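S.K.: My structure is below; once you've seen it, I'll send some questions.
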Amino acid sequence: MIRVLSPGLLTTVQDLGRPGLGAFGVPPGGAADAHALRLGNLLLGNDEGAAALEATLAGPELVFEDEGLVVLAGAPFAAMLDGEELAAWSAIRVRAGSRLTLGRAVSGARGYLCVRGGIDVPHVLGSRSTDVATGFGGLLGRALAAGDLLPIGPPLAPPRGLSVDAAAARWNGPRRLLRVTPGPQQHWFSPKALATFFSCSFRVSASSSRTGVRLEGEPLEAPTRSLVTEGVVAGAVQVPAGGLPIVLLVEHPSTGGYPKIASVISADLSALAQLRPGDEVRFARVSFDEARRWILEREARINRPGVFLP
């Protein structure tokens, strides 16, 4: 059991979400940086989709009622365990009564505290993830609060090592240049709008959330044609009438009616999730074949020998 002393800015229970339920209006949700969650869980011997804590920008202060094994994955936080610095990407043993403080994110936006056995809150629609926007799943459908108690599940397998190889973990850092493939309505945009999109930097707005990353900067010339609402995916770059792009994240609505100029490739979705307010970002055009090759390379990297170091 883990007791929450203070919750941090926004700390929620997340696993790999609810893919495949978009037809019923249910967003996929889950960890915004799923790659980090998977690596942390695999190091501990958990199922790669076991539920963990996702901390945003400033993390929680926790007390462990029982001994256990934890990994801090994703964005680096100023983390302390019983007054000593907690190394990221390493399996760390905690004692009964240990106090863990995540502090502020040093860079990036989201860190994951994975626990051997996983956070054992009830499944809702096949997932333990908290859907923050609509308020279901996770712990009582909300972010953590002081006084909450988080049950831990039983271990499934021995840990796979003591730390994660830096070459595997390096895919998680914030990336200023996001690679994109053409969006389904890219041909609706004028040459001027496309030139602006690919040549200018945009700044991440403070109004960004798990639903989408809102960008500020030079507005794009939006298409004059109207779009019948259609299905959307994480990474889709929508351009509303005001011309400032919105890049959808894991809690995106099932459908959207704004034209989509591009889509962030799957291999860069974790980097997208690690952008924080004030960060500047640019976009680079790649082919569908290149996008497929990079996600296959990343998956191969996770599964190759030597990812988890003794």
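The values are calculated or read from the model by the stated rules, or taken from the named source; none is laboratory data. Here the structure is a predicted model, which means the values were calculated and not measured. Every residue, glycine as well, gets a Cβ built from its backbone with ideal geometry; the counts of neighbours run over all protein chains shown. Heads up: the accessible areas ignore ligands, DNA and RNA and are worked out on the full protein's heavy atoms, side chains in. Shrake-Rupley method; radii C 1.70, N 1.55, O 1.52, S 1.80 Å.
S.K.: Under a 1.4 Å probe, what is the accessible area of segment 93-240 per residue, stated in Å²? It would help to have the intermediate numbers written out before the result.
M.R.: Values: 7020 Å² over 148 residues.
The answer is 47 Å² per residue.
S.K.: Now a separate question. Take every DSSP beta bridge with both residues inside the chain and express the antiparallel ones as a percent of the total, to the nearest 5. Show your work: numbers first, answer last.
M.R.: On the way: 55 of 59 bridges.
Bridges in the chain are about 95 percent antiparallel.
S.K.: Can you give me the % of accessible surface on segment 183-310 that is carbon or sulfur? Probe 1.4 Å, all protein chains present, nothing else counted.
M.R.: On the way: 3260 of 5860 Å².
About 56 percent, which is the carbon plus sulfur part of the accessible surface.
S.K.: Which is the longest part of the chain that has none of the trypsin sites (Lys or Arg not before Pro) sitting in a DSSP loop with at most 14 other Cβ atoms within 10 Å? Write out the running numbers ahead of the final one.
M.R.: Details: sites that count: ARG95, ARG176, ARG225.
Between the exposed loop sites, the longest stretch runs 1-94.
S.K.: Among the GluC sites (Glu not before Pro) in segment 208-310, which ones are in a DSSP loop with at most 10 other Cβ atoms within 10 Å of the Cβ? Mind listing them?
M.R.: Details: sites: GLU216, GLU221, GLU230, GLU251, GLU280, GLU290, GLU297, GLU299; in loops: GLU221, GLU251.
Those that pass, being in a loop and sparsely packed, number zero.
S.K.: Still on this structure, I have one more. Which value in deg cm²/dmol, rounded to the nearest 500, describes the helix-derived mean residue ellipticity at 222 nm for the chain, given -39,500 (n - 2.57) per DSSP H run of n ≥ 4 and division by the residue count? If you can, show how the numbers build up before the last one.
M.R.: Values: 5 runs with 45 residues, N = 310.
Roughly -4000 deg cm²/dmol at 222 nm, from the helical runs in the chain.
S.K.: THR101: accessible area at probe 1.4 Å, nearest 10 Å²?
M.R.: Here the accessible area works out near 50 Å².
S.K.: Same structure again: Could you give me the ³J(HN,Hα) list for segment 214-231, computed from phi with Karplus coefficients 6.51, -1.76, 1.60 and θ = phi - 60°, whole Hz, x at Gly and Pro?
M.R.: 8, 10, 10, x, 6, x, 7, 6, 6, x, 8, 6, 9, 10, 6, 3, 8, x
S.K.: Starting from the 7 Å offset along Cα-to-Cβ, what nm value, one decimal, do you get for the label separation of ALA146 and GLU84?
M.R.: 2.9
S.K.: Work out from phi, with θ = phi - 60° and the Karplus expression 6.51 cos²θ - 1.76 cosθ + 1.60, the ³J(HN,Hα) of each residue of segment 7-19, listed in order in whole Hz, and give x for Gly and Pro.
M.R.: In residue order, the calculated couplings are x, x, 5, 7, 10, 9, 7, 9, 10, 8, x, 10, x Hz.
S.K.: Hey, what did the chain get for relative contact order, percent, Cα under 8 Å, at least 6 apart? Write out the running numbers ahead of the final one.
M.R.: Values: 837 pairs, mean separation 64.5, N = 310.
Normalised by residue count, the contact order of the chain is 21 percent.
S.K.: Same structure again: Determine, at each q value in 0.21 (inverse angstroms), the log₁₀ of I(q)/I(0) that the Debye formula gives when each Cα of segment 1-102 is one equal point scatterer.
M.R.: -1.14
S.K.: Please state the Cα pair-distance histogram of segment 85-239 with 10 angstrom bins from zero: what percent is in each bin?
M.R.: Going out from 0 Å in 10 Å bins, segment 85-239 shows 7, 25, 29, 22, 12, 4, 0 percent.
S.K.: Provide the gained length on full extension for the span ARG292 to SER207, in nm with one decimal, where the gain is 0.36 nm per separating residue minus the Cα-Cα distance. Present the calculation step by step, with values, prior to reporting the outcome.
M.R.: On the way: separation 85, 0.36 × 85 = 30.60 nm, distance 3.12 nm.
The ARG292-SER207 span can extend by a further 27.5 nm.
S.K.: Quick one: check the C-alpha center-to-center distance for segment 240-310 versus segment 188-211, whole angstrom.
M.R.: Here the two parts' Cα centres lie 14 Å apart.
S.K.: Distance from a point 7 Å along Cα→Cβ of LEU21 to each backbone N in segment 128-149: keep the residues under 12 Å and list them by number.
M.R.: Flagged as within label range: 128-132, 134-138.
S.K.: Determine ³J(HN,Hα), in whole Hz, for all residues of segment 108-115 in sequence, where each value follows from phi through the Karplus function 6.51 cos²θ - 1.76 cosθ + 1.60 and θ = phi - 60°; x replaces Gly and Pro.
M.R.: Computed from phi, the couplings for segment 108-115 are x, 10, 10, x, 10, 9, 8, 10 Hz.
S.K.: If a/c stays under 1.5 just call it rounded; otherwise compare a/b with b/c (prolate if a/b is bigger, oblate if not). Do that for segment 1-57, with a ≥ b ≥ c from the square roots of the Cα gyration tensor eigenvalues. Write down the numbers at each step before the final one.
M.R.: Numbers: a/c = 2.16, a/b = 1.29, b/c = 1.67.
Note, shape of segment 1-57 comes out oblate.
S.K.: Hey, what's the per residue convex hull volume over the C-alpha atoms of the chain, in cubic angstrom?
M.R.: On the way: hull volume 36.8 nm³, N = 310.
Spread over its residues, the Cα hull of the chain gives 119 Å³ apiece.
S.K.: While we're on this one: Quick one: which residues, 5 or more positions from PHE136 or on another chain, have an amide H under 5 Å from its amide H? H modelled 1.01 Å from N in the peptide plane, none for Pro or chain starts.
M.R.: ASP131
S.K.: Just need the relative contact order of segment 208-310 here, percent rounded to a whole number, with Cα pairs under 8 Å and 6+ apart. The partial results should precede the final answer.
M.R.: On the way: 131 pairs, mean separation 25.1, N = 103.
24 percent.
S.K.: Before anything else, pin down the relative contact order of segment 160-252: Cα pairs under 8 Å, at least 6 apart, normalised by residue count, whole percent.
M.R.: Details: 111 pairs, mean separation 23.1, N = 93.
Computed over segment 160-252, the figure is 25 percent.
S.K.: Could you calculate the contour length gain from ARG285 to LYS192, that is, 0.36 nm times the residue separation minus the distance between their Cα atoms, to one decimal place in nm? It would help to have the intermediate numbers written out before the result.
M.R.: Numbers: separation 93, 0.36 × 93 = 33.48 nm, distance 1.56 nm.
Result: 31.9 nm gained on full extension.
S.K.: In nm, to one decimal, how far is the ASN303 label point from the THR134 one, both placed 7 Å along Cα→Cβ?
M.R.: Distance between the two pseudo-spin positions: 3.2 nm.
S.K.: Show the residues, 5+ positions off or on another chain, whose built amide H is closer than 5 Å to the amide H of PHE77.
M.R.: VAL106
S.K.: Would you mind checking which residues have amide H under 5 Å from ILE261's amide H? H placed 1.01 Å from N; only 5 or more apart, or other chain.
M.R.: Residues meeting the amide H criterion: VAL237, VAL239.
S.K.: Taking the chain as the reference, fit the longest principal axis to its C-alpha atoms, fit the long axis of helix 288-303 to the helix C-alpha atoms, and give the angle between the two in degrees, 0 to 90, nearest 10.
M.R.: Relative to the chain, helix 288-303 is tipped by roughly 0 degrees.
S.K.: With the cut-off at 1.5 for a/c, could you classify segment 258-310 from its C-alpha gyration tensor as rounded, prolate or oblate? Walk me through the numbers before you get to the answer.
M.R.: Values: a/c = 3.27, a/b = 1.52, b/c = 2.15.
Taking the square roots of the gyration eigenvalues as a ≥ b ≥ c, segment 258-310 is oblate.
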